[in-house]
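Working notes, beginning with the structure itself.
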Amino acid sequence: MLKRIESLFAESRDLTMHQLQNDEMSIEIAYIESLCDVSKVSDFILVPFTKQQQPFDEIVKVNPVYKPLDDPAKWTDTLLLGFVLIQVKGSIYKLDAARVIRNENPQTMVETVIMGPQIALSEDVIDSINIIRSRYPSPELATEERTVGTTSKTRVLLLYDKRSVDSNVLSMVRKRLERIMIPMITATGQLSRALGDRYTLFPTMIVTERPDRVCNSLQEGKIVLLLQGSMFAIIMPVTFYDFLSAVDDQFDSYWMTRTLLVLRYIAVLLTITLPALYVAIVSYNPELFRVQLTYSIAGSRAGVPYPSFIEVIIMLLMIEALVEASVRLPKYIGSTATTVGGLILGQAAQQAGLVSSIMIIVTSVVAISNFVIPINNMSMAIRFMKYPLIIMAIFFGIAGVTIGLFIYFVYLADLRSFGKPYFRIFSKTPSQSGDIGQVGQG
Amino acid sequence: MNRYFYYCVTIVSMLNLMMFVPYLLIQDRYTGAISSMLLAALIGTTMAFLFTFVMKAFPGKGVPEIFAMYFPKWVTAPLMFFLGCMYFISASIVLNGFAVLINRFLNPDTSSIVVLSLLSLACVYGATRSTLTNIFIVEMGLILNVPLILMILFKSYRNSNLDWDAMLTIAQYWRNPPKLNSYAAAVYLFTGYSGYAIFNRLNPPNFRLRYRWLIPLVCCFIMVTSFFVPIGFHGTEAVASYLYVWSVTADSMTMEYGFLERVVFIFLLLYLNLSLVYTANVWHIAMEFFKSCLPKAKPQIDPERTPLSNWVIACILGLFTVVTSYLLDEKQDLRLATNWLILRVCVEVISVLFLFVLSIGAGGKKQST
């Protein structure tokens, strides 16, 4: 066995192969040292083999931690996942001794809440399942394991509640998982792209780190994907509403959370339309506003020497650069960047007559409203949405903005998340009264 | 899913403003508009009820499939083509009218052909989507726009400049016999059910339409509003001098609080949305009718990929609209709309009665087997 393994691997120092001998028999073991926990190897193999309280071949047969592995084609893959291969009297066994380096007891960083669970999913899928199972102690919870990525061979776990899951969606997810042909998958975002989110304007899967969101989704019959090495889970199928509802909505004061929900929708509308409306109103239809407001806008623009869309492009360029910079910078310098960019530069640009003060307000409203969206991947998608509208506003004014919004709505209504409608109200219908469009499926 | 049916009813009756319905009614305000409206309410509601009966008799089937059950292809194909044209023309009139309105009120510098091309592109995109998507578009369009439109209507009724005496004066002419022109215009408001010629495909087999009394209620309210409110604002005589009478009416109102002062802008933007939704929808229906003429046509309510035939047909429709508007001026548009409304009355009565007879036959068959 050892010679064969040696020929399979490129020259690697951490591939460890031993031939051991005691009074009764000789065994061969092989493992990759850097992937394995050496104490486990000695506890399970070296110690019982040398103590000889029981014949080693019997131990291997009785103890279920040793699993037989017959197919020599699987040797390399098994070794690379942190297993130890043992050859005892001609038959091969594998032993899981993997040592996974991961973040310990992670806290939620991306999707934070004030009251509510603060622990996030782990980068190790086994720990994540531990966290999920302890919150969702149901025998109906099914887990399937597969690997994705032709080189990375990343482990993916598919979780669903067997009772409430939609079988059409489940088979669609399985089919799409099998179809993935990408060499490397290291982040959940890559996986969601490979599952069909590549060119859609809005995400059709939620990427979250919150175990409570995962459990709620499982209970609603959704499917959860966990990826080894990433502390984020993918939830599908989802609707547009799911992206705008935070987990707090379920336990904070009822009326305030409803108000906040409305606020979030208004914020989304504002962040998408406001720069386009500014261009349209200033350049095409200043008569739209009441006279006093029109005068104050025109007055603040008096010193600006170029058309409104150049102003909008300058300011949006700056704010996007600022947001991008505060992500890229180390945490300690990040706050400096926002202070310099937001406060000082904005003020100075307005006083220098490069942009109007109304435009500064528009820009900050756009940026702030964008951060209101609870789910990060939706927030990123929405960030892009304002640019096509600005182009429509430049060429067609306010009618163009309205047409652009109409196209967005058609697009949203046309989007399906794994065959489920994405954008509609009251999507939960009692099962006995048939839903619209159920003829084709049934 | 009752609500989707009422969405279709509401959007068509709200869109009457773009079909010159108030203009045509107001032209006959002394000579039979009121009695035509009463007659239209009666007959329109009856037609709608008959059609709902047809829908119930053929669950999950659109009009093309119902015809295909009884007649060979060479009979149905020209019929379906004709019906498709009927649907298509209405939406094109609406879109054309709106391109003119945008040119008048919002962008006087942009030519209306350019605006119309843009509107057509948006609607072509909407029309090529699946049937299921189209019904969602109607839903979202109405939910977003109707509250604001209702607010405008409410404000118009509460406006101190509204002259109730003028409205009462006109209402006294109800004894004059109805006229075909104004009857055709008024009955258009009640034809929202016609969208279900295609959307009936979406209905699950156990579908039961409830709250049918909403049809006359909603439509009569909108009809009375769209006829009387302009008269109240402009007086009995001046009201007849405007073609797009409701845009002028909306411009007579102001809002005292908030960013905007002139109601007409909100009104136009809301109606722009509604017109786009309506056009996308009706073009989709027309497209489905045309598709049913093709050999090997198979209705799909929500295909994963948009078939190429969708794009081809919808693009032809859009192109046709733009070319027509290039050739016709506004007066010809108005005449086209009037003639279309009158032709539509005949087609409606014949086709609904015919379908009703078929559905009675189908009901009888079901009981016998």
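The values are calculated or read from the model by the stated rules, or taken from the named source; none is laboratory data. Keep in mind the model is a prediction, meaning the values are calculated, not measured. Cβ atoms come from the backbone with ideal geometry, glycine included; neighbour counts cover every protein chain shown.
Quick one: would you say B:PRO299 is over 22 Å from the mean Cα position of the chain (by Cα), within 14 Å of chain A (Cβ to nearest Cβ) and of a type outside the set (Lys, Arg)?
Working: over 22 Å from the mean Cα position of the chain (by Cα): yes; within 14 Å of chain A (Cβ to nearest Cβ): yes; of a type outside the set (Lys, Arg): yes.
When the stated conditions are applied, B:PRO299 passes them.
Against the conditions (1) over 20 Å from A:MET231 (Cα atoms); (2) within 18 Å of the chain's Cα centre (by Cα), where does A:ILE129 fall short? Just the number, please.
(1)
Can you list the helices (runs of 4 or more DSSP H) found entirely within region A:328-410 that contain at least 3 residues being hydroxyl-bearing (Ser, Thr, Tyr)? Let's see the steps before the verdict.
On the way: elements: A:331-338, A:346-351, A:357-371.
Counting at least 3 such residues, we get A:331-338, A:357-371.
Is region B:337-349 home to any residue that is part of a helix (DSSP H, G or I), within 14 Å of chain A (Cβ to nearest Cβ) and of a type in the set (A, V, I, L, M)? If you could, list the steps in order and put the result at the bottom.
Taking region B:337-349 and keeping what is part of a helix (DSSP H, G or I), we get B:337-349.
Still in the list and also within 14 Å of chain A (Cβ to nearest Cβ): none.
Checked against the condition, which is being part of a helix (DSSP H, G or I), within 14 Å of chain A (Cβ to nearest Cβ) and of a type in the set (A, V, I, L, M), region B:337-349 yields no hits at all.
Would a scan of region B:36-44 turn up a residue that is in contact (Cβ under 8 Å) with a residue 60 or more places away in the chain, away from chain A (no Cβ under 14 Å) and in contact with a Gly (Cβ under 8 Å, 6 or more places away or on another chain)?
Let us first name the residues in region B:36-44 that are in contact (Cβ under 8 Å) with a residue 60 or more places away in the chain, namely B:36-41, B:43-44.
Narrowing the set further to residues that are away from chain A (no Cβ under 14 Å) leaves B:36-41, B:43-44.
The next check asks that each one be in contact with a Gly (Cβ under 8 Å, 6 or more places away or on another chain); those that pass are none.
No, region B:36-44 contains no residue that is in contact (Cβ under 8 Å) with a residue 60 or more places away in the chain, away from chain A (no Cβ under 14 Å) and in contact with a Gly (Cβ under 8 Å, 6 or more places away or on another chain).
Going by the conditions given, is B:GLU261 without any contact (Cβ under 8 Å) to a residue 40 or more places away in the chain and within 14 Å of chain A (Cβ to nearest Cβ)? Steps first, please.
Details: without any contact (Cβ under 8 Å) to a residue 40 or more places away in the chain: yes; within 14 Å of chain A (Cβ to nearest Cβ): yes.
Taking the combined requirement at face value, the residue satisfies it.
Look at region B:97-137 and say how many of its residues are facing another protein chain (nearest Cβ under 7 Å), farther than 21 Å from A:ALA280 by Cβ and polar (S, T, N, Q).
Matching residues across region B:97-137 total 1.
Looking at region B:141-153, which of its residues are surrounded by fewer than 21 Cβ atoms within 10 Å (Cβ to Cβ) and within 11 Å of chain A (Cβ to nearest Cβ)?
Once the filter is applied, which keeps residues that are surrounded by fewer than 21 Cβ atoms within 10 Å (Cβ to Cβ) and within 11 Å of chain A (Cβ to nearest Cβ), region B:141-153 yields B:ILE143, B:LEU144, B:ASN145.
Being surrounded by 15 or more Cβ atoms within 10 Å (Cβ to Cβ) and without any contact (Cβ under 8 Å) to a residue 40 or more places away in the chain is the filter here, so list the residues in region A:323-337 that pass it. Write out each step before concluding.
First, the residues of region A:323-337 that are surrounded by 15 or more Cβ atoms within 10 Å (Cβ to Cβ): A:323, A:325-326, A:337.
Within region A:323-337, A:ALA325, A:SER326, A:ALA337 qualify.
Which residue, of A:PRO117, A:PRO68, A:PRO72, is touching a residue at least 40 places away in the same chain (Cβ under 8 Å), surrounded by fewer than 18 Cβ atoms within 10 Å (Cβ to Cβ) and farther than 29 Å from A:VAL214 by Cβ? Spell out how you get there, then give the answer.
On the way: A:PRO117 fails: farther than 29 Å from A:VAL214 by Cβ; A:PRO68 fails: touching a residue at least 40 places away in the same chain (Cβ under 8 Å).
The unique qualifying residue is A:PRO72.
How do the helices (runs of 4 or more DSSP H) wholly within region B:1-91 filter down when requiring 2 or more residues that are of a type in the set (Asp, Glu) and surrounded by fewer than 19 Cβ atoms within 10 Å (Cβ to Cβ): which remain?
none
Given the conditions (1) modelled with pLDDT under 90; (2) surrounded by 15 or more Cβ atoms within 10 Å (Cβ to Cβ); (3) under 30 Å from B:LEU268 (Cβ atoms), and given that B:SER111 satisfies all but one, which numbered condition is not satisfied?
(2)
Quick check on my filter: what residues within region A:38-60 are within 17 Å of A:LEU81 (Cβ to Cβ) and surrounded by fewer than 18 Cβ atoms within 10 Å (Cβ to Cβ)? Full working, then the answer.
Within region A:38-60, the first condition is being within 17 Å of A:LEU81 (Cβ to Cβ), and the residues that meet it are A:38, A:40-41, A:44.
The answer is A:VAL38, and nothing else.
How do the helices (runs of 4 or more DSSP H) wholly within region B:207-320 filter down when requiring 3 or more residues that are of a type in the set (Phe, Trp, Tyr): which remain? Before you say what the answer is, go through the steps one by one.
Values: elements: B:214-238, B:245-251, B:263-293.
Answer list for region B:207-320: B:214-238, B:263-293.
Could you list all residues from region B:235-271 that are among the polar types (S, T, N, Q) and either closer than 15 Å to B:PHE154 by Cα or crowded, with 21+ Cβ neighbours inside 10 Å (or both)? Full working, then the answer.
Residues of region B:235-271 among the polar types (S, T, N, Q): B:236, B:241, B:247, B:249, B:252, B:254.
Across region B:235-271, the qualifying residues are B:THR249, B:SER252, B:THR254.
Which of the following residues is modelled with pLDDT of 90 or more and within 11 Å of chain B (Cβ to nearest Cβ): A:PHE423, A:PHE384, A:PHE406?
Working: A:PHE423 fails: modelled with pLDDT of 90 or more; A:PHE384 fails: within 11 Å of chain B (Cβ to nearest Cβ).
Checking each option against the conditions leaves just A:PHE406.
Given the criteria surrounded by 18 or more Cβ atoms within 10 Å (Cβ to Cβ), at negative phi and of a type in the set (A, V, I, L, M), does A:LEU293 qualify? Full working, then the answer.
On the way: surrounded by 18 or more Cβ atoms within 10 Å (Cβ to Cβ): no; at negative phi: yes; of a type in the set (A, V, I, L, M): yes.
No, not satisfied.
Take region B:274-290 and flag every residue that is at the interface with another protein chain (Cβ under 8 Å from one of its Cβ atoms) and under 18 Å from B:TYR6 (Cα atoms).
B:VAL277, B:ALA280, listed by residue number.
Restricted to region A:75-110, and to residues that are within 21 Å of the chain's Cα centre (by Cα) and not aliphatic (A, V, I, L, M), which residue is surrounded by the fewest Cβ atoms within 10 Å (Cβ to Cβ)?
A:GLU104
Can you tell which of A:LEU412, A:LEU345, A:LEU389 is more than 22 Å from the chain's Cα centre (by Cα), within 14 Å of another protein chain (Cβ to nearest Cβ) and not β-branched (Val, Ile, Thr)? Lay out the reasoning, then the answer.
On the way: A:LEU412 fails: more than 22 Å from the chain's Cα centre (by Cα); A:LEU345 fails: within 14 Å of another protein chain (Cβ to nearest Cβ).
Result of the check over A:LEU412, A:LEU345, A:LEU389: A:LEU389.
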